[in-house]
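These notes concern the structure reproduced below.
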Amino acid sequence: MAAGNKKVGIFFGTSTGNTENAAYTIASELGDIADGPFEIDEFAGSVAKKFDEYDALIVGTPTWNTGADSERSGTGWDEMYYGEMQELKIQGRHVAVFGQGDSVSYGENYADATGELHDVFEDLGCKMYGYISQDGYLHEASKSIRGDKFCGLLLDDVNQDDLTEDRIKSWVTQLHDEGFLMSTGASTATPEVTSEPSTTASTDVSAMDAELAALAEENARLREMLDKSSRLLEETIVESTGKDESGFVPHLNPKTGRTIWTSPNGKSCYFTSSSLFP
């Protein structure tokens with residue numbers, strides 16, 4: 001995105017003006033980060049150049065060619081979908097779609113063109129945002145349903161115009177929460193950061209090794225003192241009582257440091273040893 005340009009471009013196709021009105025309301029909710037809205041017909045033949053000015057796109061359409069398999073909008077979008085838009089290099093671009101429809105008179109094909117608009121951008125590798133619940137709508141079916149949600153913001157200014165403003169506000173808040181407005185880096189390069197080799201880590205490791213070695217040496221010294229104390233205690237018991245608490249009599253082998261303890265009846269024994277001896 002070129003310096004100084006707005007981050008989000010808003011584009012629409014329209015026949016009666018309802019989609020245009022919605023586009024202006026969306027732009028107002030977004031504030032200064034939005035540019036437009038622009039009617040898509042203005043950029044026939046130059047849509048790639050215009051789209052490249054933005055990191056994110058919000059695009060809208062009405063539905064007129066009800067029930068058609070393709071080119072359902074009846075606007076300038078239909079002329080671009082399978083022509084110049086197929087040459088766009090906008091992989092990874094953030095895109096959200098919105099659309100107008102009549103959910104009562106055309107309840108089985110409600111806002112179908114919004115689904116086609118969504119699919120064209122998704123097939124170009126864009127990252128799609130702004131899916132919403134179908135709750136509160138009057139439709140029976142729609143080609144704009146993906147999974148259990150609408151693929152974007154659907155509006156019905158024919159039957160539910162009193163809900164349009166709140167639906168737009170809620171949707172814009174959702175786009176913020178989803179990270180739609182975070183930069184994609186579509187046309188900006190991240191500067192390479194070169195760091196100097198650091199000696200801090202190796203210095204810290206050496207110091208730690210030395211500390212661990214000192215602790216190991218101290219541990220060995222304390223263990224030796226404990227072994228000596230244990231052996232002296234054992235010898236003291238032998239000298240003073242000649243037996244342990246169970247009446248076993250010790251017989252110390254001074255060469256190996258091992259002591260055999262025998263029961264008074266001579267039928268049982270056990271061994272103890274000192275780690276001072278190999």
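The values are calculated or read from the model by the stated rules, or taken from the named source; none is laboratory data. Predicted model, so just to flag it, every value in this text is computed and none were measured. Every residue, glycine among them, receives a Cβ derived from its backbone with ideal geometry; neighbour counts consider all protein chains shown. Keep in mind that these areas ignore ligands, DNA and RNA; they rest on the heavy atoms of the full protein, side chains included. Shrake-Rupley method; radii C 1.70, N 1.55, O 1.52, S 1.80 Å.
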Amide H contacts under 5 Å for Asp157, placed H, 5+ residues apart: Gly101
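In what sequence, highest mean first, do 101-110, 127-136, 208-217 appear when ranked by Cβ atoms within 10 angstrom?
Ranked from most to least packed, the peptides come out as 101-110, 127-136, 208-217.
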For Glu79, net neighbour charge (Lys/Arg +1, Asp/Glu -1) across residues whose Cβ lies under 11 Å away: -4
Spacing of the two label points (7 Å from each Cα toward its C-beta) at Ala216 and His251, in nm: 4.1 nm
For Lys149, residues with placed amide H under 5 Å, excluding near neighbours: none
Whole-Hz couplings from phi, Karplus 6.51/-1.76/1.60, listed for the range 87-92; x for Gly and Pro: 9, 5, 10, 10, 4, x
Listed pairs Lys89/Lys149; Lys49/Lys143; Lys7/Lys149; Lys50/Lys143; Lys143/Lys169; Lys127/Lys149 exceeding 18 Å between Cα atoms: Lys89/Lys149; Lys49/Lys143; Lys7/Lys149; Lys50/Lys143; Lys143/Lys169
Accessible-area order (highest first, 1.4 angstrom probe) of the listed residues Lys169, Lys89: Lys89, Lys169
Residues in the range 97-134 reached by a label modelled at Thr16 [backbone nitrogen below 16 Å; 7 Å Cα→Cβ]: 99-114
Between the range 77-107 and the range 132-155, the Cα center-to-center distance that results, in Å: 16 Å
More than 26 angstrom apart: percent of Cα pairs within the range 1-135: 16 percent
